[in-house]
Amino acid sequence: MGIVNFLIILMTFFLSNVAHGRPVSYPGGHTVMSKSNAFYNSLYYHYSPTFKHSVGIESVIDKRINKKYAYARSTFLINRMNTKSSQRNFYAQGGISSNGFGHYFYGIHGDWETRRLFSGFGLKKTVVDDFQNDFERFVLLGIAPYLGGYGDLHSWLMVKSMRNSAMDNWETYPWLRFFKGNVLVEAGYGQDTKWDAHFMYRF
């Protein structure tokens with residue numbers, strides 16, 4: 001992802017009118033997400049018929065195998081616990097590729113956060129025709145440097161550690177998250193992942 005594209009995303013974000021990094025939206029909500037790193041670029045749209053379930057389609061450019069394909073995919077909220085000061089979420093996800101039933105993925109991910117602290121994790125297994133597998137996992141920890149009110153710009157200073165089957169070791173790098181209104185932008189940079197960025201808009 002070039003710096004020019006990243007700056008355009010940031011400008012779009014600041015010109016918009018609270019988004020959270022949730023893979024399931026409110027009932028009847030729509031979400032568009034874009035992700036980019038050294039391994040793949042993706043553009044993902046999903047619709048949430050309920051607050052526990054989303055269905056959508058994802059277009060992927062896989063840089064590791066130099067192929068383009070699409071996923072029909074779904075995410076389920078397995079468990080959510082709210083307290084006066086925190087929220088915990090646990091999700092399951094899966095998808096089938098346009099290349100056929102031999103190309104699919106499945107995984108789990110979750111998060112726990114207060115207004116000040118954030119932690120999250122993800123595990124994802126991708127199978128391509130039973131001969132090429134990828135196992136991706138990440139851990140994300142962060143702190144909010146200030147507590148914003150409703151409608152304010154919210155910022156998080158984070159550290160992300162990730163590894164997939166193309167990497168020899170875990171890579172840990174700084175990660176920044178900003179959200180305001182219906183837009184979320186987050187990004188970091190690592191030696192192996194290069195620019196690792198995520199953009200989300202809900203409507």
Open item on the list: Would any residue of region 108-126 have its amide N under 11 Å from a label point 7 Å out along Cα→Cβ of T83? List them or say none.
Closed with: 113-114
TODO: Could you grab the relative contact order for region 49-194? Cα pairs under 8 Å, six or more apart, rounded to a whole percent.
DONE: 12 percent
Open item on the list: How many angstrom lie between the Cα centre of region 43-119 and the Cα centre of region 157-203?
Closed with: 15 Å
TODO: Excluding residues on the same chain fewer than 8 positions from K125, give the lysines whose Cα lies under 27 Å from its Cα.
DONE: K35, K52, K63, K67, K68, K160, K194
Open item on the list: Which one, W156, I65, S85, is farthest towards the positive end of the dipole of the chain when Lys and Arg carry +1 and Asp and Glu -1 on their Cβ?
Closed with: S85
Open item on the list: Sort 155-163, 115-123 by the packing proxy (mean of other Cβ within 10 Å over each peptide's residues), most packed first.
Closed with: 155-163, 115-123
Task: Gain upon complete extension [Y69, T50; 0.36 nm per residue less C-alpha separation] - done: 4.1 nm
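We did not get these values from a lab; they are worked out from the coordinates using the rules stated. Not measured: the values here are computed from a predicted model. Glycine also receives a Cβ, built like all others from the backbone with ideal geometry; neighbour counts cover every protein chain displayed.
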